Amino acid sequence: PPPANTRRAPGPPDGGWGWVVVFGAFVSIGFAYAFPKGIAIFFKEIQDFFGTSYSEVAWVSSIMLATTYGAGPISSILVNRYGSRPVVMFGGLLCGIGMVSAAFCTSIVQLYICVGFITGLGLALNLQPSVIMIGKYFLKRRPIANGLAMAGSPVMLCTLAPLNQFLFDSFGWRGSFLILGAILLNCCVAGAFFRPIGPGTASVKTQVTEEGKDALKQEVTEDAMEISSLTNLPMKNKEEEGDRDCCEKINRYLDFSLFKHRGFLIYLIGNVLMFLGFFAPIIFLAPYAKHIGIDEYSAAFLLSILAIVDIVARPTTGIIANSKWVRPRIQYFFSFSIAFNGTCHLLCPLASSYTGLVVYSVFFGLAFGMVCAMLFETLMDLVGAARFTSAVGLVTIAECCTILLGPPIGGECIFFLFVMVLAGTFLFIMNYYNYRMLAKEEKERKAKEEDPKTVRTENEGRNNGIKETTQDGPELEPLREEQEGPKKEVNGI
């Protein structure tokens, strides 16, 4: 029999230090999403200083966003190789170095390198490890934890906008970049909170409520097996690595077999469609308000209204998604949120006054927060905790192109409506198909397990039961005992 200390697979603690991890993810995710938007305040002064056009200066934010999303696979490989804590701390260091270096730039090209590439890469190394660590610390309460962590984006945006204006008025753009570089070093502190989970530091939560037991039973088992397999990766014989070719070594840290995963492909296609019209309405909201005769301060306040509603919507969506009615079919809720987001854009052309635009901003903030709160939770629900690291890297690099193309090609509200509703409808239909296929495959699997019982004699069943109990891995036994009660196994898993 296996040693006693290897019989329990490590699982998410669903609390405790996990809430500290959520706070660290709140800070890291907030900077990753809000910082590229917040530095736009300095663009006018930078344009005048270097004597360039506004479009040339705007490339600073575009390059930063593209690097943040395009470096997804690099971040995934580093997390699989070194873990989340050192990657986030190194990313925070890169952010600080990039912004401090930008304070001494003498050309716009140098700003592209320092702010766009170096700081963008640092933000990429902050974003993905943060959501990955939440998946390792939470299972039952994971939607709530994701909703709280994703709320960091609107909170940071509301904070950085007035802070950047104050820094600019007091120190100019060069002094502001120096101070912002020091502020971004707080990402290193956030990364220090990401204490890794090992076999001896975590145990599987057993107090599952009666209502949610059936819905979560299979997910608990699969994630425990996957996380256990991850912790055993360093124990593999090093001689096997020498026999692998280059592709196999890369696949170890970035799982390209996900492109054969039905649920992952559905999510990827739907998200690529969605991001064509996801960020563009935020960019066009203030200019559209000015176009219909609203003053600049009132137009800017529309974004503040959107951000305030977004702050409330994200954790609230996490609580709803964690309920026993929504959690088992969370992919439908995500699909509805995307379609609702697109439908909200119908209100924008109908608004002929400032009051109408305020109503639109409230609905848009609600829909935007709903989608963002579940963006990573639904992906983790599909692929599991162990494969999530590779999945998020592959998804972000695919989204990178559509994020850049969305604002230039989307100049009308009807475009946003069409793309978002199309993405939501596609995901709803395909997730229905995926759920049906999963149920069918589960039914066939159970049928195959039950068939041998009808043809075995009593002696054969006893012998085979002993043999299969010996062959089955010990990882699932504690989960079986805790979730299904004391039960004698005579036919393996």
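Of all residues in region 90-103, which are open to solvent by less than 10 Å² (accessible area, probe 1.4 Å) and either hydroxyl-bearing (Ser, Thr, Tyr) or over 19 Å from the mean Cα position of the chain (by Cα) (or both)? Matches in region 90-103: 95, 96, 98, 99, 102, 103.
A quick yes/no check of all residues on (1) touching a residue at least 12 places away in the same chain (Cβ under 8 Å); (2) more than 21 Å from residue 304 (Cβ to Cβ):
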| position | (1), (2) |
| --- | --- |
| 33 | yes, no |
| 36 | yes, no |
| 41 | yes, no |
| 46 | yes, yes |
| 53 | no, yes |
| 65 | yes, yes |
| 72 | yes, yes |
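Determine, yes or no, whether residue 127 is within 19 Å of residue 62 (Cα to Cα), in contact (Cβ under 8 Å) with a residue 24 or more places away in the chain and not acidic (Asp, Glu). When the stated conditions are applied, residue 127 passes them. Is it the case, given these coordinates, that residue 111 is assigned by the TED database to the domain that holds residue 45, hydrophobic (A, V, I, L, M, F, W, C), open to solvent by less than 10 Å² (accessible area, probe 1.4 Å) and within 14 Å of residue 78 (Cβ to Cβ)? When the stated conditions are applied, residue 111 does not pass them. In this structure, residue 339 does not satisfy being open to solvent by less than 60 Å² (accessible area, probe 1.4 Å), within 23 Å of residue 287 (Cβ to Cβ) and either outside the structural domain of residue 419 (by the TED database) or touching a Ser or Thr at 6+ places or on another chain (Cβ under 8 Å) (or both). When residue 67 is tested against (1) within 21 Å of residue 25 (Cβ to Cβ); (2) open to solvent by 40 Å² or more (accessible area, probe 1.4 Å); (3) of a type in the set (S, T, N, Q), just one condition goes unmet, and that condition is (2). As a summary of the residue check, residue 174 satisfies the conditions (1) open to solvent by less than 50 Å² (accessible area, probe 1.4 Å); (2) at pLDDT 85 or above except for the one numbered (1).
The helices (runs of 4 or more DSSP H) found wholly in region 3-108 and carrying at least 3 residues that are closer than 30 Å to residue 133 by Cα occupy 18-38, 54-70, 72-82, 84-102. Of the candidates 57, 87, 79, the single residue that is free of Cβ contacts under 8 Å to residues at least 60 places away in the same chain, touching a helix residue (DSSP H, G or I) at 6+ places or on another chain (Cβ under 7 Å) and surrounded by 19 or more Cβ atoms within 10 Å (Cβ to Cβ) is 57.
Table: residues versus (1) surrounded by fewer than 14 Cβ atoms within 10 Å (Cβ to Cβ); (2) in a helix (DSSP H, G or I); (3) modelled with pLDDT of 50 or more.
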residue	(1), (2), (3)
397	no, yes, yes
404	no, yes, yes
421	no, yes, yes
425	no, yes, yes
460	yes, yes, yes
483	no, yes, no
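Right, residue 114: assigned to a helix (DSSP H, G or I) and within 28 Å of residue 42 (Cβ to Cβ) or not? Yes.
Yes/no per residue for (1) of a type in the set (Gly, Ala, Ser); (2) outside the structural domain of residue 172 (by the TED database); (3) touching a Phe, Trp or Tyr at 6+ places or on another chain (Cβ under 7 Å):
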| residue | (1), (2), (3) |
| --- | --- |
| 84 | yes, no, yes |
| 105 | no, no, no |
| 115 | no, no, no |
| 126 | no, no, yes |
| 138 | no, no, no |
| 142 | no, no, no |
| 147 | yes, no, no |
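The values are calculated or read from the model by the stated rules, or taken from the named source; none is laboratory data. Only a predicted model underlies this, so the values are computations on that prediction, with no experimental measurement involved. With ideal geometry, Cβ positions are generated from the backbone for all residues, glycine too; neighbour counts draw on all protein chains shown. Heads up: the accessible areas ignore ligands, DNA and RNA and are worked out on the full protein's heavy atoms, side chains in. Shrake-Rupley method; radii C 1.70, N 1.55, O 1.52, S 1.80 Å.
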